[in-house]
Amino acid sequence: MVLAYITCKDKKEAVKISMHLLKKRLIACSNMFPINSLYWWKDKIVNDKEFVIIAKTTEKNFKILEKEVKKIHSYEIPAILRIKADANKDYLKWVKKETE
């Protein structure tokens, strides 16, 4: 199983991206949280409020997920991280079923 960690400018964008990925069956589930981020951007340190998506998917779907997010994301360089994860057998089975 893979977790896709994606930062977004706000809740509206996080919901839009999550719904897009769900409708294409690239993810089984999306959790969204408000976060505070500090990062370098164009030679300045930025202190920003963002939303993060943690989406559950499979390894085989990750590259397609990445391409789909890049198509609709507002950021010039979106953060799309692949985090390998283990889960209980029943949950893994559900994720695979929902993303086929």
Compute the distance from the alpha-carbon center of region 6-31 to that of region 73-100, in whole Å.
11 Å
Show which aspartates and glutamates lie in cross-link reach of Lys96 when reach means a straight Cα distance below 14 angstrom and same-chain residues fewer than eight apart are skipped.
Glu59, Asp86
Which of these, Leu38, Leu21, Leu65, has the largest mean-square fluctuation under a Gaussian network model of the chain (Cα springs below 10 Å)?
Leu38
Which residue, Leu22, Tyr39, Val52, has the largest displacement toward the positive end of the dipole of the chain when charges sit on each Cβ (Lys, Arg +1; Asp, Glu -1)?
Leu22
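Throughout, read-outs are computed from the coordinates displayed, never taken from laboratory work. None of the values given here were measured: they were computed from a predicted structure. Glycine also receives a Cβ, built like all others from the backbone with ideal geometry; neighbour counts cover every protein chain displayed.
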